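Structure first, commentary second.
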Ligand code: GLN
């Protein structure tokens with residue numbers, strides 16, 4: 001079972017743990033830098049990104065997270081987690097730190113204050129089984145994405161029509177919305193698969209090293 005950490009400083013940690021377990025992973029809360037060393041992937045949950053970034057700094061997790069994601073550790077961020085994974089932010093306090101790893105500009109609270117939360121159907125590239133119900137809670141969107149970033153999903157219809165709400169760059173996945181709150185585990189399944197593939201690749205590389 002791939003060991004997948006869930007950053008457990010703040011936010012909807014339990015829901016991610018349940019979804020990951022149901023998809024065959026061994027989820028573990030991560031609060032300390034040492035705990036990060038034992039995981040094959042990491043989930044950054046929804047919550048409040050400013051608070052989460054501050055706590056990550058205070059717990060000494062920011063640099064280890066940057067180093068881990070920078071060297072290819074698979075990561076999945078939902079909502080505030082997407083904000084944490086973004087290389088650039090809009091509508092954030094100027095000193096808000098991020099982990100980075102995704103070559104995107106993310107706008108916080110992008111859907112406007114009057115629409116606190118809403119649901120919408122979003123079609124995700126590479127997911128079988130039709131559109132999923134996306135739950136947006138004071139959600140960000142991806143304002144723009146670099147060339148290496150694959151756009152997985154956009155809002156269809158309404159004032160935010162066409163806005164990017166799901167992206168992937170190699171081993172890093174982010175959604176503006178919260179699949180962990182709906183019982184639809186297809187995005188978690190996709191992420192667990194990314195983690196499994198990376199483990200298999202690394203096992204192959206190690207075996208190669210031994211032979212060589
Ligand atoms: N608006 C929050 C932030 O900026 C994100 C909300 C969420 O994660 N549901 O962090």
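Structural remarks
- Helix-derived mean residue ellipticity, 222 nm - over the chain, DSSP H n ≥ 4, -39500 (n - 2.57), to 500: -9000 deg cm²/dmol
- Cα centroid of the stretch 126-158 to Cα centroid of the stretch 1-69, whole Å: 22 Å
- Shape analysis of the stretch 1-61 yields a ratio of the Cα radius of gyration to the Kirkwood radius, Rg/Rh, of 0.97.
- Peptides 11-20, 53-62, 121-130 ranked from most to least packed give 11-20, 53-62, 121-130, packing being the mean of other C-beta atoms within 10 angstrom over each peptide's residues.
- Cα long-axis angle, helix 49-58 against the chain (0 to 90 degrees, to the nearest 10): 30 degrees
- Between helix 186-211 and the chain there is an angle of about 30 degrees, using the helix long axis and the longest principal axis of the Cα atoms.
- Contact order relative to length of the stretch 96-172, as percent, for alpha carbon pairs under 8 angstrom and 6 or more apart: 33 percent
- For the chain, built as a Gaussian network whose Cα springs stay under 10 Å, the top-fluctuating residue of 176, 120, 71: 71
- Just checking the listed ones, 184, 40, 95: in the Gaussian network model of the chain with Cα springs under 10 Å, the one fluctuating most is 95.
- Helix axis angle, 13-22 relative to the chain longest principal axis, alpha carbon, degrees: 60 degrees
- Å³ per residue enclosed by the Cα convex hull of the stretch 52-176: 103 Å³
- Normalised radius of gyration (Cα atoms, divided by 2.2 N^0.38 Å) for the stretch 1-107: 0.98.
- Beta bridge orientation in the stretch 3-211: antiparallel %, DSSP, nearest 5: 50 percent
- As computed over the stretch 132-212, the Cα convex hull volume per residue (Å³): 102 Å³
- Calculated SAXS-style log₁₀ I(q)/I(0) at q = 0.12 Å⁻¹ - the stretch 3-211, Debye, Cα scatterers: -0.55
- Shape analysis of the stretch 121-165 based on the Cα gyration tensor places the equivalent ellipsoid semi-axes at 17, 15, 9 Å, largest first.
- If you run the Gaussian network model on the chain, springs between alpha carbon atoms under 10 Å, then out of 41, 81, 183 the most flexible one is 183.
Values in this text are rule-based calculations from the coordinates and carry no lab data. All values reported here derive from a predicted model rather than from experimental measurement. With ideal geometry, Cβ positions are generated from the backbone for all residues, glycine too; neighbour counts draw on all protein chains shown.
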